[in-house]
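Peer 1: Please read through the structure below; I'll follow up with questions.
Any read-out appearing in this document is the output of simple, stated calculations on the displayed coordinates, not a laboratory observation. From a predicted model like this one, the values you see are computed outputs, not experimental measurements. Every residue, glycine as well, gets a Cβ built from its backbone with ideal geometry; the counts of neighbours run over all protein chains shown.
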Amino acid sequence: MLSPPTGYFCTFAHPLKDLAGFFVTNVMDILAKIDRSRLPKHVAIIMDGNGRWAKERGEDRVYGHYEGVVSVRDIVNACGEIGIQYLTLYAFSAENWNRPKEEVNALMELLVNTIRKEADELKKNNVRMHVIGDLASLPEVCQKEMQEAISMTAANTGLNLVLALSYSSRLEITEAAKKLAEKVAKGEMKAEEINDKVFHQHLHTAAFPDPELMIRTSGEHRISNFLLYQLAYAELYFTNVNWPDFRKNNLYEALLDYQQRERRFGKTSEQIQTNTPEHV
Ligand code: FPP
C-alpha cells in the first residue's frame, strides 16, 4: 500500500477514504506538472535509511530492507510508466560486506528471493535488468539468480534497471585504469589515445549514459563511493525521507525539482538561455 507523505497525513484529519482520494489526487497533480520531454534519461538512487526506519518502529534493521523492496517495486514501476530510460539502484556496496554477518546474509537472501519473485513481472513490464559491481563476490545462488533475470529480460526495450551490487566506484575506476595500462603496455593502444570517452568504455557502466539525477534518501549528504566518475555533471537531490517511505510521489517531486534547475555544464546562464555555442 502507498504510504502518504507525513506532512499530508498530519494536516488532514479526514476519514481514510477521503485521505486516500486526496492522496491519489495529489500524486496525479504532481505527475501532471512534470514535463515528459525534459526527463532525465538516467536516474541513480542511493537507497538509504532502511535501518533507521526499522529502528524507529522498534524493529530489526532487516525489516527496513524488506519494506525497502516495496519502494523498489514502486519506483521501478513509476520510472517505467513515466518513461525514464535508465534507473540505477545502489543495492549493496562493497563496504556493506563489513556489516554484521546476519544482516549481510539477510540482504543476500532478500536479493535472491526478490529477483526470483519479480523476474517474470520485470519481463512482462518490458524492464531489462543489468548488474554492475563485483558480481563474482556474491554467493553463487545470488549470481545465478541475477544472471537468469539478466538473460530473461535481455530482449526488453523499456526501462533499463541497473542494480549496483558489491559495487565500489573507486575499485571500478582503478580497474579501468589497470585495463588501459595493460593495453598500452601490450602495444594495443597509445597512452595519448586515452580520453574521457575511452575511459568511460572501460567502466562497468560502458553501455549506459551518465545519470543526470542522483537521489539519496534519509537525510545523508554523501555520494559514498557510488558512480564517482559518472556523476560528474549529475544534479544531486537529497531528501529526508527514508527509503522504505520513498514512493512514486517522492520520485515525482525529485523530477520536478530537477526540471527547475538550470544545467549549465560549465557555461554561463546567458549562454544556456540564448543557446549560444561554446567558444564564441
Ligand atoms: C541502506 O540502508 C540500504 C541498504 C544497504 C540495502 C538496500 C537494499 C534494498 C532496499 C533491497 C534491494 C532489493 C533489490 C531487489 C534491489 P541502511 O541499512 O544503511 O540504513 P541506515 O543508514 O538507516 O542504517
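Peer 1: Project the alpha carbons of the stretch 146-239 onto their principal axes and report the range along each, largest first, in whole Å.
Peer 2: Between the extreme Cα coordinates on each principal axis of the stretch 146-239 lie 47, 35, 22 Å.
Peer 1: What is the dipole size for the chain, taken about its Cα centre, with +1 at each Lys and Arg Cβ and -1 at each Asp and Glu Cβ, in debye to the nearest 20?
Peer 2: With only Lys, Arg, Asp and Glu charged at Cβ, the dipole is about 220 debye.
Peer 1: Right, next: Averaging the inverse of every distinct alpha carbon separation and then flipping it gives the Kirkwood radius. What is it for the stretch 60-189, in angstrom units?
Peer 2: 16.0 Å
Peer 1: Whole-Hz ³J(HN,Hα) for each residue in the stretch 164-172, computed from phi via Karplus 6.51 cos²θ - 1.76 cosθ + 1.60 with θ = phi - 60°, x for glycine and proline: what do you get?
Peer 2: Using θ = phi - 60°, the values come out as 8, 10, 6, 9, 9, 5, 4, 5, 4 Hz.
Peer 1: Another question, then. Quick query: amide H of Gly219 versus all other amide H atoms, modeled in the peptide plane; which residues come in under 5 Å with a sequence gap of 5 or more or a different chain?
Peer 2: Thr239, Asn240, Val241
Peer 1: Taking amide hydrogens as modeled 1.01 Å from N in the peptide plane, which residues meet the under 5 Å criterion relative to Leu213, leaving out close sequence neighbours?
Peer 2: Result for Leu213 returns His42, Ala44, Glu235.
Peer 1: Loop sites only, by DSSP: take the trypsin sites (Lys or Arg not before Pro) in the chain that have at most 16 other C-beta atoms within 10 Å and name the longest stretch containing none of them.
Peer 2: Here the longest run is 58-185.
Peer 1: Tell me, what ³J(HN,Hα) does each residue in the stretch 39-49 have, in order and in whole Hz, if you take phi through Karplus 6.51 cos²θ - 1.76 cosθ + 1.60 with θ = phi - 60° and put x for Gly and Pro?
Peer 2: 7, x, 5, 10, 10, 10, 10, 9, 7, 10, x
Peer 1: For the stretch 163-206, what is Rg from Cα atoms divided by 2.2 N^0.38 Å, rounded to two decimals?
Peer 2: In units of the globular-protein estimate, the stretch 163-206 measures up at 1.21.
Peer 1: For a quick check: with amide H placed at 1.01 Å from N, whose amide H comes under 5 Å from Ile132's, ignoring anything fewer than 5 positions away on the same chain?
Peer 2: Hits under the 5 Å cutoff: Leu163, Ala164, Leu165.
Peer 1: Projecting each Cα onto the charge dipole of the chain (Lys/Arg +1, Asp/Glu -1 at the beta carbon, about the Cα centre), which of Val27, His200, Ala232 comes out farthest on the positive side?
Peer 2: His200
Peer 1: May I pose another question? Given the C-alpha atoms of the stretch 29-111, compute the convex hull and give its volume per residue in Å³.
Peer 2: 110 Å³
Peer 1: Now for a different question. So what's the projected area for the chain, the Cα convex hull averaged over all directions, in nm²?
Peer 2: Quarter of the Cα hull surface area: 18.3 nm².
Peer 1: Give a residue-ordered list of calculated ³J(HN,Hα) values for the stretch 191-204 (Karplus: 6.51 cos²θ - 1.76 cosθ + 1.60, θ = phi - 60°; whole Hz; x for Gly, Pro).
Peer 2: Each residue of the stretch 191-204 in turn: 4, 6, 7, 6, 9, 3, 5, 5, 4, 4, 5, 9, 8, 4 Hz.
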